[in-house]
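The values are calculated or read from the model by the stated rules, or taken from the named source; none is laboratory data. Just so it is clear, the structure is predicted and the values come from calculations on it, not from any experiment. Here the Cβ positions follow ideal geometry from the backbone for every residue, glycine too, while neighbour counts run over all protein chains shown. The accessibility values were calculated without ligands, DNA or RNA, using every heavy atom of the protein model including side chains. Shrake-Rupley method; radii C 1.70, N 1.55, O 1.52, S 1.80 Å.
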Amino acid sequence: MIELSVNPESQNRENPPENELSTASLENLYTRLKSSEAGLDSQEAAARLKIYGPNEPAPQKDTTILLQILRLFNNPLVIILLFASLVSAIVGEVINSSIIIVMVLLSVMLNFIQNYRSQKAAARLKAVVAPMATVKRDGKWLELPRREIVPGDVVELAAGDLVPADARLIDSQDLHVQQSALTGESLPVEKEAYQFSISTPANTIPGKEKSSSELSSSFEAPNLIFLGTSVVSGTATALVLVTGPHTAFGDIAARLAKRPPETEFERGNRKFGYLIMWTIFCLVLFIFFVSAAFHRDPLESFLFAIALAVGLTPEFLPMITTVTLSQGASKMAKQKVIVKNLAALQNFGSIDILCSDKTGTLTSGQMVLAKKLDPTGQPSEQVYLLAYLNSYHETGIKSPLDAEILRGTKPAIENYKKLDEMPFDFERRRLSVVVEDLRSGERTLITKGAPEGILSICNRYDSGGKISDFDQASRNRCEAIFEELSAQGYRVLAVGYRKVETKEAYRIIDEKELVLAGFLAFFDPPLENVTEVINALRQDGIEIKILTGDNEQVAQHVCQQVGLDSAKLLLGSQIEHMTDTALGHAAEQTTIFARVSPAQKNRIILALKSRTHVVGFMGDGINDAPSLHAADVGISVSSGVDVAKDAAEIILLEPGLKVLHQGIIEGRKAFGNVMKYLLMGTSSNFGNMFSMAGAFLFLNFLPMLPTQILLNNFLYDLAQITIPTDNVDSSFIRKPHRWDIGLIRNFMLWIGPISSIYDFLTFFTLLWVFNADASLFQSGWFVESLATQTLVVFVIRTAGNPLRSRPSLALTLTVIGVVTVGILLPYTPLAGLMGFVALPASYYLFMAGFTLTYLLLVEVVKRRLLGQSFER
């Protein structure tokens with residue numbers, strides 16, 4: 001027999017083989033893992049957690065603060081700056097070298113502080129929705145984070161749970177597990193806790209006749225369950241064998257690890273990076289050519305070119321983006337919306353189509369049992385008794401319909417014992433249990449589910465205790481009853497039954513030749529104010545599409561009540577025969593998708609995405625996980641099953657469209673503030689750098705010293721650090737927005753040259769009015785440049801009238817403060833160190849006029865540019 005001791009080396013995929021773990025006795029496994037049915041005590045579990053590490057398939061390595069700071073230096077521009085500083089020090093330019101280093105250190109430290117705070121905030125938010133597991137510690141069942149599970153733990157599982165680790169079943173009841181994440185098989189598989197005693201031959205499975213060789217595939221082992229799978233129905237307890245990266249899921253993750261698919265926000269960042277890179281390349285190349293042609297000092301020209309590159313690069317963009325999204329996520333958390341991934345926040349704000357089931361979105365989800373009818377439409381208590389027995393003995397997730405059935409008056413069921421169960425699946429759309437009457441010994445199969453599915457397997461019906469064969473007329477009458485109930489907005493369940501013979505186990509094939517007992521009709525009232533919320537979403541550019549497994553009459557009735565277009569409807573049977581291209585076209589025109597399976601929901605979402613829509617999907621059930629993955633933004637609720645919450649990127653702490661709408665608005669605000677920084681940063685920086693490159697042509701001195709350029713750029717970025725706090729125009733948040741590289745480029749090419757025109761006017765004034773020497777020229781342009789490119793944020797931050805759209809207090813104070821610092825610098829003790837001289841008072845009159853007219857001209861051009869992208 002193999003050895004399985006408690007040490008990290010035992011957790012590998014070679015030793016021991018899974019087929020031995022499946023056939024070894026539990027007594028042996030308890031001994032090897034130094035555990036028992038009572039699980040571990042807290043002290044032992046804590047010791048093992050230190051040995052094995054957190055139970056994560058691909059655990060993130062904790063990095064020290066020092067390493068995080070050093071990573072910020074791993075930036076091409078920072079490396080070039082430090083190299084330039086070193087060269088300056090070697091040739092004797094110690095002051096310039098020191099100033100460059102100070103500027104770099106200030107930028108890096110400021111970036112680190114903001115990023116560190118944002119990471120901590122994101123970690124706190126993510127901890128709120130961390131996967132949990134039910135674990136036996138110190139003899140008690142506790143809810144603990146999944147990452148704290150260790151080998152030797154005993155865990156409890158129920159429908160909807162994620163399996164927390166690779167484990168051996170101790171006992172189970174009607175357990176069905178979805179293993180598609182590991183095996184690719186779409187249907188759940190049945191698992192059973194086959195027990196072996198020490199004397200049981202390893203190749204014998206009680207009641208099964210399978211050999212060890214047939215269990216060589218670990219996923220086929222009926223008594224092993226794995227991390228990365230989920231429980232569809234049933235209950236179980238299990239002994240944890242291996243955790244974290246040593247699990248089957250961790251092994252697959254390690255072999256197939258790849259970068260997650262690029263999000264729209266990341267794609268926009270990448271395209272913006274290319275735009276800046278090519279612009280920098282052209283400007284720096286131009287400086288080198290001019291330097292060579294005019295025989296300028298090579299080192300000075302090199303430092304100037306590098307300073308130009310830094311000046312054009314919005315190096316605070318990662319920090320501004322992270323801080324903005326982090327603050328947006330924190331605001332959303334206060335509104336009961338948890339963002340698991342900050343990058344998803346921008347995608348959240350870009351949603352233009354929201355797909356969701358009607359239950360919990362349009363309706364309260366609190367079902368009310370309104371009618372109990374026999375197949376002829378007469379009141380019946382018999383159908384309620386059978387439905388109660390079915391729901392009471394069901395081990396899967398209790399649906400709202402089951403919950404309402406069980407809330408009613410409990411009938412006499414003490415004399416009935418459950419024998420077996422055929423769990424619900426989304427193809428059959430029904431669930432069966434087999435019960436035995438302890439008084440008579442009779443066994444009855446009771447099936448409950450969608451009327452269409454139940455009627456198709458019934459050949460008789462029970463009316464007042466009288467059982468009759470179905471003929472076409474009686475079948476048509478039964479169908480008419482449930483169709484009429486559906487048209488009135490009721491959710492209808494049908495119940496069938498039959499006496500069954502005695503045997504060891506029952507299967508789906510036994511669901512045949514049933515007697516129809518009747519119907520249960522439920523009413524799910526619409527949520528309060530849902531119509532107003534739907535109208536608000538529509539006004540903000542978000543179209544709602546309902547994807548439901550219910551029949552079309554119920555879906556249409558509910559949608560009519562809340563103001564959705566109920567005429568635009570597509571059935572799952574129609575989707576089945578449509579190509580993906582045809583479905584994409586039809587899905588855009590359709591509001592209600594009824595009788596759709598989980599696979600069809602997935603197809604609908606992918607079809608809408610192929611038509612360039614940003615699609616959000618809201619789901620909370622096991623069957624919703626694939627669609628949550630497929631959508632641009634997966635949205636679940638805190639009451640959803642673990643599988644859904646794990647697949648989703650956004651978690652709503654309370655259900656409903658209202659809180660979702662508030663979250664989308666916060667996402668748009670966050671993206672709006674990021675765009676402000678990009679638009680003003682690229683346009684102002686490009687203009688100033690273009691002016692410097694132009695001045696480099698005709699001046700016999702540098703228009704601004706490299707250290708002055710770096711200081712100018714640092715102060716400018718400092719002024720923008722409070723952009724994440726700024727208010728966003730209501731006009732901007734009325735529609736979804738995406739990255740618009742064309743708009744950014746146009747701003748750079750139009751607003752940038754306007755800035756350069758005023759720079760050249762400043763040059764003329766300094767040279768011809770004030771007869772400026774190099775120091776006066778550099779000081780004058782430093783002040784004018786900082787003032788214009790910083791104050792322009794008040795114009796660019798809004799698509800409308802800057803006088804009507806108020807900036808945040810923090811942004812106002814930082815911008816005014818930075819401009820004040822720039823004006824005062826030439827009069828401070830630092831002036832000599834930085835190469836500044838005092839400016840004449842009359843110069844400020846010229847500068848005020850230039851700045852005012854510049855802002856007015858930018859306002860005119862801005863309205864034309866933004867008018868093409870943003871609706872007022």
What is the sum of charges around residue 794, taking Lys and Arg as +1, Asp and Glu as -1, for the other residues whose C-beta is under 15 Å from the C-beta of residue 794?
+3
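Do any of 568/645; 568/609; 34/340; 271/568 go past 28 Å between their Cα atoms, and which?
Numbers: 568/645 31 Å; 568/609 19 Å; 34/340 37 Å; 271/568 38 Å.
Among 568/645; 568/609; 34/340; 271/568, the Cα-Cα distance tops 28 Å for 568/645; 34/340; 271/568.
With the full set of protein chains in place, find how many percent of the accessible area of segment 431-478 is carbon and sulfur; take the probe as 1.4 Å.
Details: 940 of 2130 Å².
Using a 1.4 Å probe with all protein chains present, segment 431-478 comes out at 44 percent carbon and sulfur.
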Place a label point 7 angstrom from the Cα of residue 859 along the Cα-to-Cβ direction, then list the residues of segment 802-826 whose backbone nitrogen is under 17 Å away.
802-807
Cα-Cα longer than 21 Å, checked against 371/448; 676/735; 358/410; 417/499; 410/448; 50/136, kept in input order, equals 358/410
Compare 577, 393 by solvent-accessible area with a 1.4 Å probe and give them largest first, with all protein chains kept in place.
577, 393
Top to bottom by accessible area (1.4 Å), largest first, where do 781, 768, 739, 750 land?
768, 750, 739, 781
Using 0.36 nm times the number of residues separating residue 288 and residue 484, minus their current alpha carbon distance, what extension gain do you get?
62.4 nm
For segment 495-560, what is the accessible area per residue in Å², given a 1.4 Å probe and the full set of protein chains?
42
Charges only on Cβ, +1 for Lys and Arg, -1 for Asp and Glu: so what's the dipole of segment 566-715 about the Cα centre, in debye to the nearest 20?
400
Whose amide H sits under 5 Å from the amide H of residue 137, counting only residues 5 or more places off or on another chain, with H placed in the peptide plane?
142
Once label points are set 7 Å from the Cα along Cα→Cβ at both residue 700 and residue 469, what is their separation, rounded to one decimal in nm?
11.7
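Leaving out ligands, DNA and RNA, and with a 1.4 Å probe, what % of the accessible surface on segment 491-562 is carbon or sulfur? Before the final figure, lay out each step's value.
Numbers: 1390 of 2950 Å².
Using a 1.4 Å probe with all protein chains present, segment 491-562 comes out at 47 percent carbon and sulfur.
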With a cap of 11 neighbouring Cβ atoms within 10 Å, and only residues DSSP puts in a loop, list the trypsin sites (Lys or Arg not before Pro) found in segment 425-514.
439, 507
Ignoring ligands and nucleic acids, what accessible area does residue 609 show with a 1.4 Å probe (Å², nearest 10)?
70
